[in-house]
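Read the structure below first, then the notes.
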Amino acid sequence: MAKTIEFHDEGLFHSGHAACPGCVEALAIRVIANRIGRNAVAVVPPSCSAVIVGPHPNSALDIPVYHTSLESSAASASGIRRALNASDRRDTEVIVLAGDGGTYDIGFQALSSAVERNEDILYFCFDNEGYMNTGGQKSSSTPWLAATGSTPRGKPSKKKNLVEILAAHGIPYVATATPGHLDDLGRKIDKAMTIDGMRMIIILIPCLDGWGLADDVGVTMARLAVECGIFPLYEVEQGRTYTLNRQSKTLPVGEYLKKQKRYRHLNEAQIGLIQAEVDEDWMRLLEKTGSRR
Amino acid sequence: MSTEPATTTQNLEGNEACALGAIAGGCRFYAGYPITPSSEIAERMASELPGVGGVFIQMEDEIASMAAILGASMGGLKVMTATSGPGFSLKQENLGLAVATEIPCVIIDVMRGGPSTGLPTRPAQGDYMQARWGTHGDHAIIVLTPASVAEIYAQTIRAFNLAEAFRTPVVILYEETIGHLRETVDLPAPETIEIIDRQWAAPDDRNFLPYRPGTDGIPAMPRPGDGHRTHMTGLTHGEDGFPTQKPEAIAAANRHLSHKLEPHLDRIEQFEIVAGEDAEVIVVACGLVARAAKRAVAKARAKGIRAGLFRPITLWPFPTLPLQALLQPAGAVIVAEMNAGQLIAEVERHAGDHCRVVGLNRIDGEAITPSQILQQIEELAND
C-alpha cells in the first residue's frame with residue numbers, strides 16, 4: 001500500500017544549491033532544515049555539505065551558517081552552544097552538518113570530547129563512506145573491500161562503527177537514518193529535538209560519483225543498504241537502550257554491492273565473506289536490541 | 001647504437017610528476033590525508049608504492065600524517081607527505097619536531113588561496129612565509145619552488161637528497177595550477193639519478209653521541225635495532241640527545257639548528273637567471289609567476305628594454321649573494337608574487353640603497369599575467 005509522507009516545507013532550503021544532480025544529501029538537508037526550523041545555527045566543516053549550503057551564490061540554507069575548519073565541528077559548536085546558553089538563548093538549536101571524514105577521522109577528537117562533556121548539540125553526519133569532496137579517497141567509514149582513490153585495490157579494513165563508539169560514551173541519543181526512509185529520518189529529528197545534550201544522527205548518503213551509481217538511484221541504494229542489513233536503521237539512548245527500526249533483513253548483500261562500481265572488482269567468494277560479516281554484525285545487533293525473529 | 005641511458009617520455013600532471021619523482025628519489029613511505037589540490041599525489045603514491053616494496057598509509061588527519069612520516073624516517077625509510085595550506089598549518093608542530101630532532105623528511109604544499117579554507121581550487125603563493133617560519137622557534141629549513149612539471153620531478157628527487165644529506169625537513173611549494181598542469185617530461189634512466197643516503201651511525205661505535213655534529217656539521221643518525229641507546233626529543237637537547245637546561249648547551253643546540261645549512265649553501269642554492277648580464281630592471285619571481293615573468297622579459301628585450309629575471313628555485317635559504325651580484329648594476333627590481341607581499345621584504349633587505357624595489361601582487365585567485373609584468377617593467381624603464 002502506498003504511504004504518503006507528511007512534509008511541511010517552510011522554505012528553509014532553497015533550490016539552486018550546488019549538490020551534484022541527483023544527490024540525496026541535498027534531500028536529507030532539506031528535510032533536516034525544515035524539521036528544525038529557523039531558530040537554529042548550522043556549523044559546517046569542509047565537506048559536500050559546505051558546497052551544498054555554501055557558495056552558490058548565496059547560501060541555500062536559510063539559517064546562519066558557520067563554516068569552520070575540518071577538524072573542529074564539535075568544538076566550534078560547543079563554543080556557540082555555551083555562548084548562546086550564557087546569553088539566555090537556550091532555545092536556539094546548534095546543529096552540525098558534517099561528512100564522514102570530518103566526523104570519523106579528523107573531527108573525531110573534537111566529537112568524542114564534546115560527547116564526553118555532553119554538549120547540547122544536534123550533530124548530523126552525512127556518511128557517504130569516503131572523502132568524496134576531494135575526489136573520492138577512503139575514510140575510516142569506507143567499508144571493507146570498497147575501492148577508492150587511495151585504496152585502489154579495495155580497503156583492507158572494516159568500516160569504523162561510530163554508533164557503538166558513541167554508545168560507549170553514553171551519548172543521550174544516536175541513530176542511523178537514510179534519505180530512502182524520510183518518515184523515519186523526520187521522526188528521529190523530532191525525537192532528537194526533545195532530548196537535552198549531545199545527539200547524533202548518522203545518515204547514509206549513497207554517493208553517485210564516489211560509489212559509481214546512476215544519477216537516479218540514490219534513494220534506491222539507501223533502501224537496499226537497509227534491506228540487506230549492511231546499514232541497519234536503529235537508535236541507541238543513553239548508550240544502553242537499543243531500538244531496531246527495520247526488523248527484517250530481506251536481501252543478500254550482492255543485490256546491493258553489484259550495483260556499485262566501487263565493488264566491481266569483487267569475486268563471489270569475497271561477496272560471501274562480506275555476507276558472513278554482515279550476518280554476524282546483524283546477530284550482534286539483535287542481541288543488543290533484545291529482538292529476534 | 002647509442003650507449004646513452006634511455007630516457008622515457010611521459011605526459012604528466014604536476015602532482016603525478018611529484019609522486020614519480022619521490023619514488024625515483026627513494027621515497028618508500030608516504031602518509032597523507034586528502035586535501036585539494038594535492039590529493040592526486042596521494043592517489044598516485046597509493047597505486048605506485050606497493051609495487052616498489054613501499055608503504056602507503058592514509059592517516060586520519062594532517063597531524064597524524066606528519067607524525068607518521070617522522071616515525072617512518074626514524075625507522076629508516078625515506079618519507080614524504082603532501083598537503084595544501086590548511087593542512088600545512090596543522091603539520092607545523094610536528095615540522096618543528098622534525099627540525100629539533102633532525103629527522104629527514106619531504107613535505108609537499110600545493111599552494112591554494114588562503115587564509116583558512118580560502119580558495120581550494122585556485123593558485124596562490126601565500127605560503128612562502130609559512131614554509132619559512134610556520135613552526136615556532138629559530139631554525140633553518142630548505143624550501144624549493146619548482147616552476148614546471150619537469151622541474152617538480154627533478155626537484156622532488158633533489159629534495160630527498162637534501163633532506164638526507166643535511167638531516168632536515170625539505171618543503172616543496174608549487175601552485176595549484178602547476179599541480180594540475182600537464183606537460184611532457186623526459187624521465188631520466190633510474191641508473192643516472194644521483195641518490196644520497198643519510199649517514200647512519202656505525203653499530204659498533206661505543207662513543208657514539210646522537211647529536212654530535214660530524215665533520216660536515218651533520219650528526220650521524222642511529223638506526224633502531226643497531227644497539228644504540230638513544231633519546232630523540234623535541235626538548236632542547238645536548239649532543240648526548242638528553243634534555244638540557246645548561247645555557248651554553250642550549251645556545252650551542254640552537255646555533256646548530258639555525259646555522260647548520262650555511263656551510264653547504266653551494267649544494268643547496270639553485271636559481272635561474274634570464275637575460276641578467278646588462279639588465280637595468282630585474283624581475284624576481286618564483287614558480288608559476290616566473291613563467292609569466294620569463295615571457296614579459298623576452299617581450300621587453302624585443303622592445304629594447306634591458307630587463308632580466310631572477311628565479312629562486314631554492315626559496316629558503318634565500319639565494320642572497322647571487323641576487324645581490326645581479327642587482328649591483330641594476331637600478332630597479334620588481335618582486336612579482338601572488339600574495340600581498342611576502343618575498344619583497346627579503347629582497348628589500350638585500351637590494352641596497354641604489355636599487356628601487358617595487359612589488360607586483362595579485363591576491364584575487366587569478367595568476368599574474370605577462371602583460372602585467374611587462375607594463376611594470378616599461379614603467380620602471382621609463383622612469
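A few points about this structure:
- In the full protein context, the stretch A:24-289 carries 38 Å² of accessible surface per residue, based on a 1.4 Å probe and ignoring ligands, DNA and RNA.
- Listing of the stretch A:94-142 residues, each with accessible area lower by at least 30 Å² in the full protein assembly than in the chain alone (probe 1.4 Å): A:Asp105, A:Ile106, A:Tyr131, A:Thr134, A:Gln137, A:Lys138
- Estimated from helices alone, the mean residue ellipticity of the protein assembly as shown at 222 nm is -10500 deg cm²/dmol (sum of -39500 (n - 2.57) over DSSP H runs with n ≥ 4, per residue).
- In the assembled protein chains, A:His169 presents an accessible area of approximately 60 Å² (probe radius 1.4 Å).
- Members of the stretch B:16-42 that become less accessible by 20 Å² or more once partner protein chains are added (1.4 angstrom probe, chain alone as reference): B:Tyr33, B:Pro34, B:Thr36, B:Ser39
- Shape category assigned to the stretch B:271-381 from the gyration tensor of Cα positions, a/c cut at 1.5: rounded
- Karplus-derived 3J(HN,Hα) values for the stretch B:262-277, using 6.51 cos²θ - 1.76 cosθ + 1.60 with θ = phi - 60°, are 4, x, 10, 4, 4, 8, 8, 5, 9, 7, 10, 10, 10, 6, x, 3 Hz; glycine and proline are entered as x.
- About its Cα centre, the dipole of the protein assembly as shown is roughly 1100 debye, where the only charges are +1 on Lys and Arg Cβ and -1 on Asp and Glu Cβ.
- Per-atom-type breakdown for the protein assembly as shown gives carbon and sulfur 51% of the accessible area (1.4 Å probe, protein chains only).
- For the peptides B:30-39, B:120-129, the ranking by packing is B:30-39, B:120-129, with the highest mean count of neighbouring Cβ atoms within 10 Å listed first.
- Solvent exposure ordering (accessible area, 1.4 Å, most first) of A:Arg262, A:Arg223: A:Arg223, A:Arg262
- The stretch A:138-149 - phi-based ³J(HN,Hα) in whole Hz, Karplus 6.51/-1.76/1.60, Gly and Pro as x: 6, 10, 6, 8, 5, x, 3, 6, 6, 7, 9, x
- Computed over chain A, the ratio Rg/Rh where both radii use C-alpha atoms and Rh is Kirkwood: 0.94
- For B:Gln10, neighbours were defined as the other residues whose beta-carbon sits under 9 Å from its Cβ, and their charges (Lys and Arg +1, Asp and Glu -1) total -2.
- Accessible-area value, B:Lys294, 1.4 Å probe, nucleic acids and ligands omitted, Å²: 80 Å²
- Estimated buried accessible area (total), pair A and B, 1.4 Å, Å² to nearest 100: 1200 Å²
- Within the stretch A:1-86, GluC sites (Glu not before Pro) in DSSP loop having at most 12 other beta-carbon neighbours inside 10 Å: A:Glu6, A:Glu10
- Reducing the stretch B:219-289 and the stretch B:51-86 to their Cα centroids gives an inter-centroid distance of 21 Å.
- Reach of A:Lys155 by Cα under 30 Å, taken over lysines that are not fewer than 8 positions away in the same chain: A:Lys138, A:Lys249, A:Lys258, A:Lys259, A:Lys261, A:Lys288, B:Lys78, B:Lys91
- Expressed to the nearest 5 percent, the antiparallel share of DSSP beta bridges inside the protein assembly as shown is 30 percent.
- Counting only the Cα atoms, the protein assembly as shown fills a convex hull of 217 Å³ per residue.
- Solvent-accessible surface ranking, highest first, for B:Thr244, B:Thr81, B:Thr369 at 1.4 angstrom: B:Thr369, B:Thr244, B:Thr81
- Rolling a 1.4 Å probe over the protein chains gives B:Lys260 an accessible area of about 20 Å².
- Charge dipole (chain A, unit charges on Cβ, about Cα centre) - positive-most of A:Ala75, A:Ile189, A:Tyr173: A:Tyr173
- The loop-placed GluC sites (Glu not before Pro) in the stretch B:293-378, going by DSSP, that have at most 16 neighbouring Cβ atoms within 10 Å of their Cβ come out as B:Glu366.
- Solvent exposure, largest accessible area first (probe 1.4 Å, DNA, RNA and ligands not counted), of B:Leu321, B:Leu181, B:Leu326, B:Leu235: B:Leu321, B:Leu235, B:Leu181, B:Leu326
- Inter-centroid distance (Cα atoms) of the stretch B:132-186 relative to the stretch A:88-146, Å: 33 Å
- Rg/Rh for the stretch B:63-202 stands at 0.97; both radii use Cα atoms, and Rh follows the Kirkwood definition.
- For A:Arg35, neighbours were defined as the other residues whose beta-carbon sits under 11 Å from its Cβ, and their charges (Lys and Arg +1, Asp and Glu -1) total 0.
The values are calculated or read from the model by the stated rules, or taken from the named source; none is laboratory data. Predicted, not measured: the structure shown is a model, and the values here were computed from it. Don't worry about glycine lacking a Cβ; one is built from the backbone with ideal geometry, like all the others, and counts go over all protein chains shown. Note: areas computed on protein heavy atoms with side chains; ligands, DNA, RNA excluded. Shrake-Rupley method; radii C 1.70, N 1.55, O 1.52, S 1.80 Å.
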